[in-house]
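Report on the following structure.
The values are calculated or read from the model by the stated rules, or taken from the named source; none is laboratory data. Bear in mind that the values here come from a model prediction, so they are computed numbers and not experimental data. Glycine also receives a Cβ, built like all others from the backbone with ideal geometry; neighbour counts cover every protein chain displayed. These accessible areas exclude ligands, DNA and RNA; they are computed on the full protein's heavy atoms, side chains included. Shrake-Rupley method; radii C 1.70, N 1.55, O 1.52, S 1.80 Å.
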Amino acid sequence: MDKNEVVRIFDTTLRDGEQTPGVGLTPEEKLDIARALDKLGVDTIEAGFPITSKGEADGVKMIANDGLRAEIAALARATKNDIDIAASCGVKCIHVFIATSDIHLQHKLKMTREEALQTAVKHVKYAKDYGVSVEFSAEDACRSDPEYLVKVFQGVSDAGADRLDIPDTVGVMHPVAMYNLVNKVHNAVDRPISVHCHNDFGLAVANSLASVEAGAARVHCTINGLGERAGNASLEEVVMSLHNLYGRKTNINTKLIYETSKLVSRLTGIMVQPNKAIVGDNAFGHESGIHTHGLLNMPLTYEPLEPEVVGRKRWIQAGKHAGSHGIKAMLDQLGINVNDEQLKEIVTRVKDLGDKGKRLYDADLESIAYTVMGRVGDEKILQLVDMSIMTGTKVMPTASVKITMEGKTFVVADTGVGPIDAAIKAIQKVGEGLGNIRLADYRLEAITGGTDALGEVMVKVVDQNGLVASARAAHEDVVVASVQAMIEGMNRLLLKRKLVSPKVPMPNP
Ligand code: KIV
Ligand code: ZN
């Protein structure tokens with residue numbers, strides 16, 4: 001394949017990705033993800049395996065009829081029924097598969113090699129009669145006899161298959177073996193080749209990249225590497241490696257990678273491991289003093305690619321490995337100006353806490369800084385007096401919050417999609433009169449296990465001038481923790497406003 005040719009991305013998040021144990025998406029959720037994948041620029045969206053359930057077929061139909069730019073594909077076994085149902089969903093591509101390895105033929109399909117070949121040929125023709133593109137997959141291709149595999153690929157090509165896919169169904173290939181197999185098929189059959197690599201030995205991305213080097217035109221991927229067992233090749237890793245390490249192009253708008261990853265993680269309920277390449281929380285996070293020092297002078301010292309390219313931002317963690325340059329940069333970002341002596345003391349305190357195993361958030365760094373600066377003490381401008389929440393399956397969640405500020409009492413109420421949303425919206429009504437202080441970021445984590453778990457809430461608030469403050473609070477009741485964190489965040493922002501520009505008068509709520 002010409003090195004200037006765009007490598008095509010066949011996204012199977014909604015099919016193989018949805019086969020991740022424990023994942024089940026509604027048709028509407030599938031549609032949301034399909035729209036995001038379309039915006040991201042994938043060439044093909046494998047929307048599902050319609051024979052599996054009515055809901056699955058409904059989801060595929062909704063996606064196929066949504067006017068998306070990407071080619072929409074549906075999976076079908078080499079049977080008339082599967083193909084009829086896939087075609088009835090209105091897709092442009094039917095992905096027909098049958099296993100070709102002796103293990104699958106003998107123990108699953110109970111077919112001879114010749115029977116499997118004839119079944120494949122017959123059903124590729126049958127699918128083609130629907131006037132769609134057909135991508136043919138030889139399931140377990142990598143454990144199949146290579147000569148027989150080529151024979152099957154030649155047979156289905158003659159029957160009209162538009163593309164041939166080589167799946168490493170159980171993820172047993174290594175890059176050299178994958179290169180050789182793709183190269184063999186590429187030289188033997190005149191059809192574009194796709195690869196579909198599973199990650200059982202952590203080699204799915206490496207095997208996909210080796211396949212492209214050997215001439216594969218299309219790579220099957222999933223967002224966040226979701227998929228059966230250890231998953232499939234992760235789209236973000238394949239695409240960024242192709243662009244940055246192999247000098248190849250794709251149609252992916254890389255700036256949308258992170259938001260797509262977040263959406264998929266939220267809707268599937270599968271968290272991304274923090275140290276995952278490209279989309280993990282820590283992929284652009286730095287703590288070590290040596291690294292942050294180098295990075296602040298020249299990001300390339302410790303970053304192989306700019307975070308913005310994949311829609312992210314670099315961040316620095318305060319902790320025992322941190323140095324004064326990193327802490328200073330964090331304080332600058334938080335809008336806190338310190339002198340050299342204060343900085344030294346803040347770094348010492350951060351390291352002491354780090355040595356005790358404490359993980360420090362922005363809110364902790366702010367507290368330490370203000371304590372060292374001796375400006376804040378325990379001053380609280382806003383005080384929570386009381387709150388009451390009403391929620392249920394038939395009533396609209398409603399919150400009423402009583403707050404005092406400089407001797408005056410305010411009672412604010414609002415409704416929301418849940419009790420936390422209602423309470424935060426109510427408090428924001430006070431924030432509106434205080435220079436439009438509102439919630440910019442919210443995170444909830446369970447610190448302990450069980451239904452009485454201590455919930456920890458971290459918030460970031462921002463005002464109309466872009467001044468930001470963070471705070472956190474922990475409580476067995478996550479609504480209380482949320483309210484406490486929000487009020488603390490507003491207090492910190494108000495105090496910071498005094499420190500940053502003491503002459504600006506406090507607005508009245
Ligand atoms: O892993 C696999 O072999 C598959 C096929 C259906 C392509 O998912
Ligand atoms: Zn698969």
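Do the conditions hold for S234, that is, is it of a type in the set (S, T, Y), within 16 Å of ligand 2 (Cβ to nearest atom), within 30 Å of A159 (Cβ to Cβ) and touching a strand residue (DSSP E or B) at 6+ places or on another chain (Cβ under 8 Å)? Let's see the steps before the verdict.
Details: of a type in the set (S, T, Y): yes; within 16 Å of ligand 2 (Cβ to nearest atom): yes; within 30 Å of A159 (Cβ to Cβ): no; touching a strand residue (DSSP E or B) at 6+ places or on another chain (Cβ under 8 Å): yes.
So S234 does not fit the description; no.
Please identify the pairs in which a residue from region 221-242 that is farther than 18 Å from K262 by Cα has its Cβ atom under 6 Å from the Cβ atom of a residue that is at pLDDT below 95 and within 16 Å of ligand 1 (Cβ to nearest atom), counting only partners at least 6 apart or on another chain.
The qualifying pairs are E228/Q19.
Can you pull out the residues in region 135-158 that are open to solvent by 10 Å² or more (accessible area, probe 1.4 Å) and either assigned to a strand (DSSP E or B) or not assigned by TED's automatic domain parsing to the domain that holds E46 (or both)?
E139, the sole residue that qualifies.
Among the candidates A188, A177, A161, which residue alone is at pLDDT 95 or above, buried (at least 18 other Cβ atoms within 10 Å of the Cβ) and of a type outside the set (V, I, T)? Lay out the reasoning, then the answer.
On the way: A188 fails: buried (at least 18 other Cβ atoms within 10 Å of the Cβ); A177 fails: buried (at least 18 other Cβ atoms within 10 Å of the Cβ).
Just one listed residue meets the conditions, A161.
How about region 251-303: which of its residues are part of a loop (DSSP other than H, G, I, E, B) and more than 25 Å from I316 (Cβ to Cβ)?
Of the residues in region 251-303, the ones part of a loop (DSSP other than H, G, I, E, B) are 251-253, 269-280, 287-288, 298, 302-303.
If the condition is that a residue be part of a loop (DSSP other than H, G, I, E, B) and more than 25 Å from I316 (Cβ to Cβ), then N251, I252, N253, G269, I270 are the ones that fit.
So which residues in region 216-226 are more than 14 Å from ligand 2 (Cβ to nearest atom) and closer than 17 Å to E135 by Cβ? Outline the logic, then answer.
If we filter region 216-226 for residues that are more than 14 Å from ligand 2 (Cβ to nearest atom), which is where we start, we get 216-218, 223-224.
Selection gives A216, A217, R218.
Quick one: E306 ticks every box in (1) free of Cβ contacts under 8 Å to residues at least 24 places away in the same chain; (2) surrounded by 14 or more Cβ atoms within 10 Å (Cβ to Cβ) bar one, so which box is it?
E306 satisfies all of (1) free of Cβ contacts under 8 Å to residues at least 24 places away in the same chain; (2) surrounded by 14 or more Cβ atoms within 10 Å (Cβ to Cβ) except (2).
Residue check: is R266 away from ligand 1 (no atom under 16 Å from the Cβ), out of contact with any helix residue (DSSP H, G or I) (no Cβ under 6 Å at 6 or more places or on another chain) and either in the same structural domain as V124 (by TED's automatic domain parsing) or charged (D, E, K, R) (or both)? If you could, list the steps in order and put the result at the bottom.
On the way: away from ligand 1 (no atom under 16 Å from the Cβ): yes; out of contact with any helix residue (DSSP H, G or I) (no Cβ under 6 Å at 6 or more places or on another chain): yes; either in the same structural domain as V124 (by TED's automatic domain parsing) or charged (D, E, K, R) (or both): yes.
Considered against the rule, which asks whether it is away from ligand 1 (no atom under 16 Å from the Cβ), out of contact with any helix residue (DSSP H, G or I) (no Cβ under 6 Å at 6 or more places or on another chain) and either in the same structural domain as V124 (by TED's automatic domain parsing) or charged (D, E, K, R) (or both), R266 comes out as yes.
How many residues does region 85-118 hold that are hydroxyl-bearing (S, T, Y) and closer than 17 Å to P167 by Cβ? Give the steps one after another, and end with the answer.
Pass one, region 85-118, residues hydroxyl-bearing (S, T, Y): 88, 100-101, 112.
Now restrict to residues that are closer than 17 Å to P167 by Cβ: 100-101.
Going through region 85-118 one residue at a time, the tally reaches 2.
Assess whether V417 counts as being in contact with a helix residue (DSSP H, G or I) (Cβ under 7 Å, 6 or more places away or on another chain), assigned by TED's automatic domain parsing to the domain that holds L495 and aliphatic (A, V, I, L, M). Spell out how you get there, then give the answer.
On the way: in contact with a helix residue (DSSP H, G or I) (Cβ under 7 Å, 6 or more places away or on another chain): no; assigned by TED's automatic domain parsing to the domain that holds L495: yes; aliphatic (A, V, I, L, M): yes.
In short, no.
Can you find, within region 210-225, the residue that is farthest from ligand 1 (Cβ to nearest atom) among those that are open to solvent by 10 Å² or more (accessible area, probe 1.4 Å) and within 24 Å of the chain's Cα centre (by Cα)?
Looking at the filtered set, the residue picked out is N224.
Only one residue in R229, R248 is over 16 Å from I45 (Cβ atoms), within 16 Å of ligand 2 (Cβ to nearest atom) and assigned to a loop (DSSP other than H, G, I, E, B), so which one is that? Lay out the reasoning, then the answer.
Details: R248 fails: within 16 Å of ligand 2 (Cβ to nearest atom).
That would be R229, the only listed residue that is over 16 Å from I45 (Cβ atoms), within 16 Å of ligand 2 (Cβ to nearest atom) and assigned to a loop (DSSP other than H, G, I, E, B).
Test D38 against the stated conditions and say whether it is within 15 Å of ligand 2 (Cβ to nearest atom) and either within 17 Å of R69 (Cα to Cα) or charged (D, E, K, R) (or both).
no
Out of (1) more than 13 Å from S157 (Cα to Cα); (2) within 16 Å of ligand 1 (Cβ to nearest atom); (3) under 35 Å from the mean Cα position of the chain (by Cα); (4) among the β-branched types (V, I, T), the odd one out for V132 is which?
Every condition holds for V132 apart from (2).
Among what's in region 174-209 and is among the polar types (S, T, N, Q), assigned to a helix (DSSP H, G or I) and within 16 Å of ligand 2 (Cβ to nearest atom), pick the residue that is nearest to the chain's Cα centre (by Cα). Spell out how you get there, then give the answer.
Initial filter on region 174-209 (among the polar types (S, T, N, Q)): 180, 183, 187, 194, 199, 207-208.
Checking the rest, the ones that are also assigned to a helix (DSSP H, G or I) come to 180, 183, 187, 207-208.
Of the ones still in play, those that are also within 16 Å of ligand 2 (Cβ to nearest atom) are 207-208.
Details: N207: 22, S208: 20 Å.
Looking at residues that are among the polar types (S, T, N, Q), assigned to a helix (DSSP H, G or I) and within 16 Å of ligand 2 (Cβ to nearest atom), I get S208.
Pick out the one residue from E56, E29, E46 that is assigned to a helix (DSSP H, G or I) and within 15 Å of ligand 1 (Cβ to nearest atom). Write out each step before concluding.
Working: E29 fails: within 15 Å of ligand 1 (Cβ to nearest atom); E46 fails: assigned to a helix (DSSP H, G or I).
Only one candidate passes the filter, namely E56.
Among the residues of region 6-35 satisfying the criterion of being away from ligand 2 (no atom under 15 Å from the Cβ) and of a type in the set (D, E, K, R), which is surrounded by the fewest Cβ atoms within 10 Å (Cβ to Cβ)?
E28
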